[in-house]
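Reviewing the structure listed below.
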Amino acid sequence: MDSNPNRKLFYGNAYLYFILAAVLTIFAFFPSYFNRLTSTDNAHHFHGITATLWLVLLIIQPFLYKTGNLKWHRRIGKLSFLLVPLIILSALNMVQIMLIRKDSFPPFVPYQLAFIDFVTLIQFLLFYILAIYKRKEIQLHARYIACTVLGPLIPALTRLLFQFPIINNFDKSLNISYIIIETVLVLLLLDDKRTGMIHLPYLLALVLFILQHLLMNFVSQWEFWIKIMDAFALMKI
């Protein structure tokens with residue numbers, strides 16, 4: 001446990017930040033999903049339910065830790081061993097559906113979104129595995145878990161920003177979303193530095209998100225990626 005009272009308060013109330021992330025996500029996807037529950041297909045429900053359960057888990061776990069319920073924190077945490085594979089499977093299914101329906105999107109946009117989704121899934125899985133590996137080192141474990149929510153926030157932020165008149169196109173909204181996530185990571189690193197120690201998770205996340213941000217603007221021009229995604233669209237999941 002950190003002796004710095006401000007740091008203790010920040011991480012002690014981590015569940016409030018995850019609640020904020022959940023609210024932003026629900027608000028962003030309300031028109032396309034939550035407001036159309038009765039007319040939505042099973043694939044979207046599968047993805048929506050698993051993603052929502054992950055957000056719920058992120059809220060519950062730090063609250064249990066803060067209140068000293070470590071036994072239930074560990075028990076509920078084990079549910080992630082089942083939930084994470086379902087999240088990956090549901091997300092891959094959604095990517096495939098998007099690629100199959102690519103004609104309903106602007107040219108090459110599905111390939112760009114598929115790249116973002118694939119890289120986000122890889123990062124999500126990486127952060128999760130590292131969080132489990134470092135589960136006995138709370139400072140690293142908590143930070144890696146926090147990083148799992150950052151990637152999924154990008155599509156939510158993109159949808160929210162697109163509502164502002166000044167952000168009048170998809171590319172601008174998408175790039176600003178990445179900048180917001182990168183700024184959050186910089187602020188978290190500065191907070192770490194203030195205590196005299198920069199931990200690896202946020203630094204690793206920042207490098208990965210900057211790399212993803214740069215590449216996603218060019219991926220629709222990569223012929224090899226287009227061929228891979230066209231082949232993936234025909235696979236059975």
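The values are calculated or read from the model by the stated rules, or taken from the named source; none is laboratory data. Note that the structure is predicted; figures quoted are calculated from it, not measured. Don't worry about glycine lacking a Cβ; one is built from the backbone with ideal geometry, like all the others, and counts go over all protein chains shown.
Kindly indicate the residue of segment 178-215 that is β-branched (V, I, T) and closer than 13 Å to R143 by Cβ and also surrounded by the fewest Cβ atoms within 10 Å (Cβ to Cβ) among those meeting that condition.
Filtering segment 178-215 down to residues β-branched (V, I, T) leaves 179-181, 183-184, 186, 195, 198, 207, 210.
Remaining after also requiring closer than 13 Å to R143 by Cβ: 184, 195, 198.
Numbers: V184: 18, T195: 13, I198: 15.
Of everything passing the filter in segment 178-215, T195 is surrounded by the fewest Cβ atoms within 10 Å (Cβ to Cβ).
Out of the residues in segment 192-221 meeting the condition of being of a type in the set (V, I, T) and out of contact with any Phe, Trp or Tyr (no Cβ under 6 Å at 6 or more places or on another chain), tell me which one is modelled with the lowest pLDDT. Lay out the reasoning, then the answer.
Kept after step one, since they are of a type in the set (V, I, T), are these residues of segment 192-221: 195, 198, 207, 210, 219.
In the following step, the residues that additionally are out of contact with any Phe, Trp or Tyr (no Cβ under 6 Å at 6 or more places or on another chain) were identified as 195, 198, 207, 210.
Values: T195: 82, I198: 90, V207: 98, I210: 98.
Step by step, filter segment 192-221, then rank; the result is T195.
Considering each of Y128, Y202 in turn, give the residue that is more than 27 Å from Q96 (Cβ to Cβ), among the hydroxyl-bearing types (S, T, Y) and touching a helix residue (DSSP H, G or I) at 6+ places or on another chain (Cβ under 9 Å).
Values: Y128 fails: more than 27 Å from Q96 (Cβ to Cβ).
Going through Y128, Y202 in turn, the sole match is Y202.
In this structure, does Y128 turn out to be in contact with a Phe, Trp or Tyr (Cβ under 7 Å, 6 or more places away or on another chain) and buried (at least 18 other Cβ atoms within 10 Å of the Cβ)?
On the way: in contact with a Phe, Trp or Tyr (Cβ under 7 Å, 6 or more places away or on another chain): no; buried (at least 18 other Cβ atoms within 10 Å of the Cβ): yes.
For Y128, the condition - in contact with a Phe, Trp or Tyr (Cβ under 7 Å, 6 or more places away or on another chain) and buried (at least 18 other Cβ atoms within 10 Å of the Cβ) - is not met.
Which of the residues that make up segment 66-111 are of a type in the set (S, T, N, Q) and either in contact with a Ser or Thr (Cβ under 9 Å, 6 or more places away or on another chain) or assigned to a helix (DSSP H, G or I) (or both)? Spell out the reasoning first.
Initial filter on segment 66-111 (of a type in the set (S, T, N, Q)): 67, 69, 80, 90, 93, 96, 104.
Scanning segment 66-111 gives S80, S90, N93, Q96, S104.
Is it true that F63 is at pLDDT 95 or above, under 28 Å from Q139 (Cβ atoms) and part of a helix (DSSP H, G or I)? Working first, answer last.
On the way: at pLDDT 95 or above: no; under 28 Å from Q139 (Cβ atoms): yes; part of a helix (DSSP H, G or I): yes.
Against the criterion (at pLDDT 95 or above, under 28 Å from Q139 (Cβ atoms) and part of a helix (DSSP H, G or I)), F63 does not qualify.
If you scan segment 222-237, which residues turn out to be modelled with pLDDT under 90, over 26 Å from T148 (Cα atoms) and in contact with a helix residue (DSSP H, G or I) (Cβ under 8 Å, 6 or more places away or on another chain)? Walk me through it before giving the result.
In the first step, residues of segment 222-237 are kept if they are modelled with pLDDT under 90; the result is 235-237.
Okay, now just the ones that are also over 26 Å from T148 (Cα atoms), so 235-236.
Listed by number, the list holds a single entry, M235.
In segment 142-172, how many are farther than 17 Å from F30 by Cβ, part of a helix (DSSP H, G or I) and either in contact with a Phe, Trp or Tyr (Cβ under 9 Å, 6 or more places away or on another chain) or of a type in the set (K, R) (or both)? Break it down stepwise before answering.
Just the residues of segment 142-172 that are farther than 17 Å from F30 by Cβ, to begin with: 142-151, 154, 165-172.
Imposing the further condition that a residue be part of a helix (DSSP H, G or I) reduces the set to 142-147, 150-151, 154, 170-172.
From the residues that got through so far, the ones that are either in contact with a Phe, Trp or Tyr (Cβ under 9 Å, 6 or more places away or on another chain) or of a type in the set (K, R) (or both) too are 142-147, 150-151, 154, 170, 172.
Within segment 142-172, residues that are farther than 17 Å from F30 by Cβ, part of a helix (DSSP H, G or I) and either in contact with a Phe, Trp or Tyr (Cβ under 9 Å, 6 or more places away or on another chain) or of a type in the set (K, R) (or both) number 11.
Can you name the residue in segment 19-60 that is in contact with a Ser or Thr (Cβ under 7 Å, 6 or more places away or on another chain) and either at pLDDT 90 or above or more than 19 Å from T158 (Cβ to Cβ) (or both) and is also surrounded by the most Cβ atoms within 10 Å (Cβ to Cβ) among such residues?
H47
Quick one: how many residues across segment 100-119 are polar (S, T, N, Q) and either surrounded by fewer than 20 Cβ atoms within 10 Å (Cβ to Cβ) or at pLDDT below 95 (or both)? It would help to see each step written out before you state the result.
As a first pass, look at segment 100-119 and keep what is polar (S, T, N, Q): 104, 112.
Checking which are either surrounded by fewer than 20 Cβ atoms within 10 Å (Cβ to Cβ) or at pLDDT below 95 (or both) leaves us with 104.
Matching residues across segment 100-119 total 1.
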